[in-house]
Amino acid sequence: MRRGELILLPLAAVLVLAGAWQLAVMATGTTIFPSPGDVARGLGELAGRGILWSYIGDSLVRVVSGYLAAVIIGIPFGMALGWFPILERIVNPIIQLLRPISPLAWMPLAVIWFGVSNTAPIFLIFLAAFFPIVVASMNAVHNIPPMYLQAGRNFGLSTPRLMAKVIVPATFPPILVSLRIAFGIAWLVLVAAEMIAVDSGLGYLIIDARNAGKRYDLVVGGMLLIGVVGLMIDALFRWGTRTLMRREVTE
């Protein structure tokens, strides 16, 4: 597809959806559910008061903090589990026990431990991203073809050099995919956590607009902002993944 089509076709789909939305509001005569114009005016009001960007910024700070902590800890931890079988036998049952528990189920404990502060949602975001990253990193090491490891050993590579020259490049693609998936999960958990544990961010905007005057224009506006920001972050991930993979192939 040409570059123009890549932009115009999604834009046309958005316009059609907005038109259908407007027609549905007009046809039903609802006074509760907002029209696209109502949502735009509501978001413009927040922007004019200078608080819209603070909502977005607070959410981004929280999700990036928890996600980066999960990446920094999760990748080496998962690779270590994949490399040392005895460590995996000890730790993996605990991971498989905790992994199915929804991060939101930790919410009451997070509030007790950290109070109503940024730390509580950051902790939940960390949990949401940590387990997928650990499992993907562990499986990536498991799935390295044995011939790669044997070839490295035949060349006399020490364990650190084997990690740098063979294991890290071989596990790079699947771990990259897991990072994108983990961020999507973290973004979902962020919004839910902000509805309970803090008093700022996009999740808080939705629940506060609902409770304080039933501002459904801001409720829908907050939902759309969550989708737009998530779409932009995912696009950034896809661009970064393609760039890194091209660089890996050329090297």
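Between Ile101 and Arg210, what length in nm is gained on full extension when 0.36 nm per residue of separation is reduced by their alpha carbon distance?
Numbers: separation 109, 0.36 × 109 = 39.24 nm, distance 2.85 nm.
Full extension of this stretch gives 36.4 nm more.
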_Can you give me the angle between helix 36-48 and the longest principal axis of the chain, using Cα atoms only, in degrees from 0 to 90, rounded to the nearest 10?_
80
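Among Ser137, Ser158, Ser200, what is the fewest-to-most ranking by other Cβ atoms within 10 Å?
Values: Ser137 25, Ser158 10, Ser200 18.
Arranged by neighbour count, lowest to highest, Ser137, Ser158, Ser200 become Ser158, Ser200, Ser137.
In the chain, how does Rg compare with the Kirkwood Rh, expressed as the Rg/Rh ratio over alpha carbon atoms? Numbers along the way, then the final one.
Details: Rg = 22.5 Å, Rh = 21.0 Å.
Rg divided by Rh gives 1.08.
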*For the stretch 102-126 and the stretch 179-251, compute the distance between their C-alpha centroids and round to whole Å.*
18
*Among the chymotrypsin sites (Phe, Trp or Tyr not before Pro) in the stretch 121-217, which ones are in a DSSP loop with at most 14 other Cβ atoms within 10 Å of the Cβ? Mind listing them?*
Phe155
*Most mobile listed residue (Trp21, Trp83, Trp106) in the chain, GNM with C-alpha springs under 10 Å*: Trp21
*Springs between alpha-carbon atoms under 10 Å, Gaussian network over the chain: tell me which of Gly42, Gly152, Gly78 tops the mean-square fluctuations.*
Gly152
*So for the pair Phe33, Val229, with labels modelled 7 Å out along Cα→Cβ, what separation do we get in nm?*
2.5
*Could you work out the equivalent-ellipsoid semi-axes for the stretch 134-194, taking the square root of 5 times each eigenvalue of the Cα gyration tensor, largest first, in whole Å?*
33, 10, 7
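Can you pull a Stokes-Einstein diffusion coefficient for the stretch 1-139 at 20 °C (1.002 mPa s), Rh from Kirkwood over Cα pairs, as a whole number of µm²/s?
Numbers: Rh = 19.2 Å.
After rounding, the answer is 111 µm²/s.
What's the longest uninterrupted piece of the chain once you rule out the trypsin sites (Lys or Arg not before Pro) that are loop residues per DSSP with at most 12 other Cβ within 10 Å?
With a cap of 12 other Cβ atoms within 10 Å, the longest stretch comes to 50-213.
Using Cβ counts within 10 Å as a stand-in for footprinting exposure, how do Met163, Met138 rank, fewest first?
Numbers: Met163 16, Met138 23.
Listed from fewest to most nearby Cβ atoms, that is Met163, Met138.
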*Signed unit charges on C-beta, dipole axis of the chain, positive-most listed residue Met195, Leu9, Thr159*: Thr159
_Burial ordering of Leu98, Leu179, Leu149, fewest other beta-carbon atoms within 10 Å first_ = Leu98, Leu149, Leu179
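Assign unit charges at the C-beta atoms only (+1 for Lys and Arg, -1 for Asp and Glu), then state the dipole size of the stretch 39-250 relative to its Cα centre in Debye, rounded to the nearest 20. Intermediate values should be presented prior to the final figure.
Details: 16 positive and 9 negative charges, 118 e Å.
Approximately 560 debye in magnitude.
Laboratory data are not the source of any read-out in this text; all were calculated from the coordinates shown. It should be emphasised that the depicted structure is a prediction, and the values quoted were computed from it without experimental measurement. Counting neighbours? That spans all protein chains shown, and the Cβs are built from the backbone with ideal geometry, glycine included.
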